Amino acid sequence: MIQEVQDDPMSLAFQEAESAAARGEVPVGAVVVEAGSGRVLARAGNRVEAESDPSGHAEILAIRAACQIRGEPRLPDCDLYVTLEPCAMCATAASHARLRRIIFGAYDPKGGGIEHGARIFQRDTCHHRCEIVGGVQESRAAGLLRTFFAKRR
């Protein structure tokens, strides 16, 4: 269901990440917002373990839900807020969804696909390049991940 933004979208993404951590998932949260209206179309946290699905990343789940709500496969007037730099799979999904912008928290030198690794939007074969804003509340996002993994070791 579409809802009005009561908190800023990155705060909602952090709520999803914290919920994911409480379920034993890697704490990543994502929110898809209509840029013009500010309405939240979808929000999700990782569900890889719960769904036994390697594509159960927060970004994929939020993009899928937003597309279903709108009844269309592309979201050119929407922004994706996510607590961690999207991996190559999620960056590619964002490109295929024609998202306007991706705003993310922590950089991911090991698994990122935007500023690190595959660098999806820098490839000649990339048909749609989302605008990228990285490092938003980076220390909070990185801290959430560090705490999660420290408890698991």
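The values are calculated or read from the model by the stated rules, or taken from the named source; none is laboratory data. Everything numeric here is computed off the predicted structure, so don't read it as measured data. Using ideal geometry, Cβ is built from the backbone for each residue, glycine included, and neighbour counts are taken over all protein chains shown. Just the protein is used for accessible areas: all its heavy atoms, side chains included, with ligands, DNA and RNA removed. Shrake-Rupley method; radii C 1.70, N 1.55, O 1.52, S 1.80 Å.
Note on the range 109-153: residues that are over 23 Å from ASP8 (Cα atoms) and in contact with a Lys or Arg (Cβ under 6 Å, 6 or more places away or on another chain) amount to 2. Could you tell me which residue of the range 117-153 is nearest to ARG101 (Cα to Cα), considering only residues that are assigned to a helix (DSSP H, G or I) and small (Gly, Ala, Ser)? This residue is ALA141.
Collect the residues in the range 71-100 that are touching a Phe, Trp or Tyr at 6+ places or on another chain (Cβ under 9 Å) and either acidic (Asp, Glu) or in contact (Cβ under 8 Å) with a residue 60 or more places away in the chain (or both), keeping them in residue-number order. Across the range 71-100, the qualifying residues are TYR81, VAL82, THR83, LEU84, GLU85.
The C-beta contact set for the range 40-66 (first residue within 12 Å of GLY29 (Cα to Cα), second residue open to solvent by 40 Å² or more (accessible area, probe 1.4 Å) and polar (S, T, N, Q), distance under 9 angstrom, 6+ apart or interchain) comprises ALA42/GLN68; ARG43/GLN3; ARG43/GLN15; GLY45/GLN15; GLY45/SER19.
Remark: pairs (first residue in the range 127-146, within 17 Å of GLY113 (Cα to Cα); second residue open to solvent by 40 Å² or more (accessible area, probe 1.4 Å) and in a helix (DSSP H, G or I); Cβ separation under 9 Å; 6+ apart in sequence or on different chains) = HIS127/HIS96; HIS128/HIS96; ARG129/GLN122.
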